[in-house]
1. Here is a list: Ser94, Ser90, Ser114. Which entry is touching a helix residue (DSSP H, G or I) at 6+ places or on another chain (Cβ under 7 Å), small (Gly, Ala, Ser) and assigned to a loop (DSSP other than H, G, I, E, B)?
2. Looking only at segment 127-143, count every residue that is of a type in the set (A, V, I, L, M), surrounded by fewer than 19 Cβ atoms within 10 Å (Cβ to Cβ) and touching a strand residue (DSSP E or B) at 6+ places or on another chain (Cβ under 6 Å) and tell me the total.
3. For segment 43-55, state whether one or more residues are without any contact (Cβ under 8 Å) to a residue 12 or more places away in the chain, within 13 Å of the chain's Cα centre (by Cα) and part of a helix (DSSP H, G or I).
4. Which condition does Trp154 not pass, out of (1) under 24 Å from the mean Cα position of the chain (by Cα); (2) at pLDDT below 90; (3) under 17 Å from Ala75 (Cα atoms), if it passes all the others?
5. How many of the residues in segment 95-124 are within 15 Å of the chain's Cα centre (by Cα) and at pLDDT below 90?
6. Farther than 24 Å from Val144 by Cα, modelled with pLDDT under 95, of a type in the set (Lys, Arg) and assigned to a helix (DSSP H, G or I): is that true of Arg9 in this structure?
7. Look at segment 105-120 and say how many of its residues are within 15 Å of Pro192 (Cα to Cα) and surrounded by fewer than 16 Cβ atoms within 10 Å (Cβ to Cβ).
Amino acid sequence: MKRATSGSRRSRGGHVALEMALAFLPLMAIIFGILDFSMAIFIQGAFQNATREAVRFGITYNLTYNGTAYNTQTAAMTAAVQNNAFGFLSGNLSDGTTGASKISVNYYLPNNLSTPATIADLNLPTGVVINGVTIKDLNATGNVVQVSITGYPWNWMVPLPNFMPGRSISIGATSLDVLQGLPVGAFNYPSP
């Protein structure tokens, strides 16, 4: 058997270092790419859960969330979204807006599920008659409540072509449910 000379051993060490340097960059790009997409998918799932929890809280007509009393049902549901969004919607965001500005709560009348209802649609005090039922409140029994998160900016960590730092994707989620009857002992709907 032939013994390797010290010169050939040194040249092999240089090849290993060069191969590691060439493999390191693509490996790191793949790792950061997996982290990037995983984080975006996690945020999407967290937002979907947050809107679902807010709608579930909203159909109870409760104005107290986590020990804090709110003036309107919309404000209580917004607080429920922020509480369940793992802190992504609290404070200021990277696009200069606040997390609360990304949350919207809409009420729909049963005869028009494409356009959110407003107080003006109800023509107070007469209300709207739908199938013989007079609706005087936005959050009346049978109406639909929708909680949405729209336009949350997510900037990519990995600077790839067409995904340069500063460019972001927009993440959002929506949940809705039909408002049920008032709780036992309640006679008036809370302020929407």
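The values are calculated or read from the model by the stated rules, or taken from the named source; none is laboratory data. Values in this document were obtained by computation on a predicted structure and should not be read as measured data. Because the Cβ atoms are built from the backbone with ideal geometry, glycine has one as well, and the counts that use them run over all protein chains shown.
1. Ser90
2. Number of matching residues: 1.
3. The answer is yes, given that some residue of segment 43-55 is without any contact (Cβ under 8 Å) to a residue 12 or more places away in the chain, within 13 Å of the chain's Cα centre (by Cα) and part of a helix (DSSP H, G or I).
4. (3)
5. Residues in segment 95-124 being within 15 Å of the chain's Cα centre (by Cα) and at pLDDT below 90: 2 in total.
6. It is true that Arg9 is farther than 24 Å from Val144 by Cα, modelled with pLDDT under 95, of a type in the set (Lys, Arg) and assigned to a helix (DSSP H, G or I).
7. Here is the first cut: in segment 105-120, the ones within 15 Å of Pro192 (Cα to Cα) are 105-109, 116-120.
Filter again for surrounded by fewer than 16 Cβ atoms within 10 Å (Cβ to Cβ), leaving 118-120.
The total comes to 3.
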